[in-house]
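**Student:** This is the structure I have questions about; it appears just below.
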Amino acid sequence: MQTRKLGNTDIDVSLICLGTMTWGEQNAEQEAFEQLDYATSQGVNFIDAAEMYPVPPRAETQGLTETYLGNWLAKRGRRDDLVITSKVAGPGNGLSYLRNGPRLTRDHIIEACHASLKRLQTDYIDLYQLHWPDRNANFFGKLGYEHDAKEQATPIEETLDALNELVQAGKVRHIGVSNETPWGTMEYLRLARENGWPRIASIQNPYNLLNRSFEVGMAEIAHREQVGLLAYSPLAFGMLSGKYLGGKWPEKARLTLFERFSRYTSEAGMEATRAYAELARQNDLSLVQMALAYVNTRSFVTSNIVGATSVEQLKENLGSLGVNLSPDVLEAIEAIHQEFTYPCP
């Protein structure tokens, strides 16, 4: 297993990170255990969770993902071998059941962290992330920014100070952001530098062949500031498996089960996927492994977060580590990208 440094920390994380957001919704606890057993046997040491998981979020299932992971850690006794991440939720519609509506205030962050530690059955979280900003910004599929002068946002100073409190208490080792913008990322870095607070070690944003918007403003920051990308949705919610092409909606597939996940189902997304699928076919490559291998080779990526609902899918995902994309394939990928630049931001 290849590893890369987590930001400017002394932690080495596996290039493939095991995503967990299906556990408790599409996957039962035993299936989560099977995924963990297989992934760790292959050298994966990086596990990504969140207080909000599983997805789609529901009051009835909230926290089950962390609970499953905590139960596995308790049974296997491998806590110190792994790098465990979790996230505190930001404000959002439909989350009123979570602390009467989550915010990134001090009280919310401290309460959320303590609850995650309890579910995870651990004394510390290696990487604690802000799931999305507590302000109006362009994330979750928005390319443009519309300013709201009347927004009720929690100051980043308060958020970062609360994270500092958790780090100082030994409950969190390092911190990160997610679904963040260039301005937000640099603001966290500036405030950390000026106040002696913890420095963010990572940015968890979407990145895949259908959505390469991270490259525009964030990739340079990732390099120059040593705040690498933890790429989520590298298969675009399964669209880049090719299983939805030709009007197919496989039973029990995520996009079939949950219509709310429409980020990658536009006609432009389908057209781009068809082009990438044909490229993979012409070069005797699995579309899944070609898409993942592309993410794996990006120099600004720290780790590629793969999610699976079966061990068989997980095996194919991990197989991407052995795929070398030729210069011709990479050139062809760029040609498709020029035609379908941001089909699914």
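Derivation of every value follows stated rules applied to the coordinates shown; laboratory data play no part. None of the values given here were measured: they were computed from a predicted structure. Positions of Cβ are generated from backbone atoms using ideal geometry, with glycine treated the same way; all protein chains shown enter the neighbour counts.
**Student:** Quick one: Cα convex hull volume of region 1-120, Å³ per residue?
**Tutor:** Considering the Cα atoms of region 1-120, their hull volume per residue is 111 Å³.
**Student:** Under the rule of at least 5 residues apart or a separate chain, name every residue whose amide H is placed under 5 Å from the amide H of His174.
**Tutor:** Leu127, Tyr128
**Student:** Could you order peptides 101-107, 192-198 by the average number of other Cβ atoms within 10 Å of their residues, highest first?
**Tutor:** On the way: 101-107: 18.0, 192-198: 13.9.
Ranking the peptides 101-107, 192-198 by packing returns 101-107, 192-198.
**Student:** Note the angle between two axes, namely the Cα long axis of helix 287-296 and the longest principal axis of the Cα atoms of the chain, as a number of degrees from 0 to 90, rounded to the nearest 10.
**Tutor:** The answer is roughly 50 degrees.
**Student:** Follow-up. Per residue Cα convex hull volume for region 30-83, in cubic angstrom?
**Tutor:** Values: hull volume 4.4 nm³, N = 54.
Convex hull of Cα atoms, per residue: 81 Å³.
**Student:** Helix 156-168 versus the longest principal axis of the chain: what angle, 0 to 90°, nearest 10, using Cα atoms?
**Tutor:** 80 degrees
**Student:** If you don't mind, there's one more thing I want to ask. What whole-number volume per residue, in cubic angstrom, does the convex hull of the C-alpha atoms of region 178-327 give?
**Tutor:** 132 Å³
**Student:** State, to one decimal in nm², a quarter of the convex hull surface area for the C-alpha atoms of region 58-140, i.e. the direction-averaged projected area.
**Tutor:** Average projection, Cα convex hull of region 58-140: 6.0 nm².
**Student:** Now for a separate question. Rounded to a whole number, what is D in µm²/s for the chain from Stokes-Einstein with the Kirkwood radius over alpha-carbon pairs (37 °C, 0.692 mPa s)?
**Tutor:** 161 µm²/s
**Student:** For a quick check: with amide H placed at 1.01 Å from N, whose amide H comes under 5 Å from Asn205's, ignoring anything fewer than 5 positions away on the same chain?
**Tutor:** Distant-sequence amide H within range of Asn205: Asn179, Leu230, Tyr232.
**Student:** Let me check I've understood the local charge: for Leu36, count other residues with C-beta under 11 angstrom from its C-beta, Lys and Arg +1, Asp and Glu -1. What total comes out?
**Tutor:** Summing Lys/Arg as +1 and Asp/Glu as -1 gives -1.
**Student:** Report Rg (one decimal) and Dmax (nearest whole number) for region 148-222, counting Cα atoms only, units Å.
**Tutor:** 13.8, 41
**Student:** Tell me, what ³J(HN,Hα) does each residue in region 275-280 have, in order and in whole Hz, if you take phi through Karplus 6.51 cos²θ - 1.76 cosθ + 1.60 with θ = phi - 60° and put x for Gly and Pro?
**Tutor:** Once rounded to whole Hz, the list reads 5, 5, 5, 5, 4, 4.
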